[in-house]
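A quick write-up on the structure given underneath.
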Amino acid sequence: MAEFSKKNTHEQNIKVSIDKILGASTTVKRARKTAEDHKRALFNQFIDGMLFISNRSQELDTQFCMDMAKYDAVFLDVIETVLNLHFTKKQIELMYFFLYDRVGIDGKVIDLADEDTDEPLLMNNPDELWETIKKFP
């Protein structure tokens, strides 16, 4: 049985530890990310970036009276065009709600419910938003 060593890779040392715990030789395989996992990661990156852009625009306006709306408009139009290529109207509406309307002026989170089932739509983070928009193909 192999021994734990600083010379081994992290994966090799994990295998050694598992072998010792189980008292038998094992095979450790890393699960590959699915296409769905990859899409979710890209979606989360997109939403995080859009939140950053929105927050940056608000901060520049508040702190320096710099209205970035005209500057950002061209970029946002391009982004909207790409969204229209990949998502349905309902999915885009949910994304825009998450980005711009989910938190009220008073700082409270506004919850939405499915129009058909009256079931609450979970959208507290990009992962929940991803799961929610997948329900509306």
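Lysine pairs in the stretch 38-137 whose alpha-carbon atoms fall under 28 angstrom of each other, counting only those eight or more residues apart or on distinct chains, come to 14.
Look at the alpha carbon pairs under 8 Å that are at least 6 residues apart: their mean separation over the length of the chain gives a relative contact order of 19 percent. Per residue, the Cα convex hull of the stretch 50-93 amounts to 67 Å³. Remark: the chain carries a charge dipole of roughly 1200 debye about the Cα centre, counting +1 on each Lys and Arg Cβ and -1 on each Asp and Glu Cβ. Membrane-span-like helices in the chain (whole DSSP H runs, Cα extent of at least 30 Å along the helix axis, mean Kyte-Doolittle hydropathy of at least 1.6): none found. Only helices enter the 222 nm calculation for the chain: every DSSP H run of n ≥ 4 contributes -39,500 (n - 2.57), and dividing by all residues gives -18500 deg cm²/dmol, rounded to 500. The lysines whose alpha-carbon is closer than 21 Å to the alpha-carbon of Lys15, local same-chain residues fewer than 8 away aside, are Lys6, Lys7, Lys29, Lys33.
From largest to smallest, the equivalent ellipsoid semi-axes obtained for the stretch 74-137 from the alpha-carbon gyration tensor read 21, 16, 9 Å. Pick from Val103, Val16, Val82: which is most flexible by mean-square fluctuation in a GNM of the chain where alpha carbon atoms under 10 Å apart are linked? Among Val103, Val16, Val82, the largest GNM mean-square fluctuation belongs to Val16. Look at [x] 9, 28, 23, 14, 15, 10, 1; [y] 12, 42, 31, 12, 3, 0; [z] 11, 36, 28, 15, 7, 2, 0: the one that is P(r) over Cα pairs in 10 Å bins from 0, in percent derived from this structure is [x].
In the stretch 60-122, Cα pairs under 8 Å separated by at least six residues give a relative contact order of 12 percent.
Of Lys20, Lys33, Lys108, the residue with the greatest mean-square motion in the GNM of the chain, using alpha carbon springs below 10 Å, is Lys20. Shown here: the stretch 29-105, whose C-alpha atoms stretch 54, 29, 25 Å along the first, second and third principal axes, sorted largest to smallest.
Coordinate-derived values only; no laboratory data. What you see is a predicted model, and the numbers here were worked out from it, not measured in a lab. When we count neighbours, we look across all protein chains shown, and the Cβ atoms used for this are built from the backbone with ideal geometry, even at glycine.
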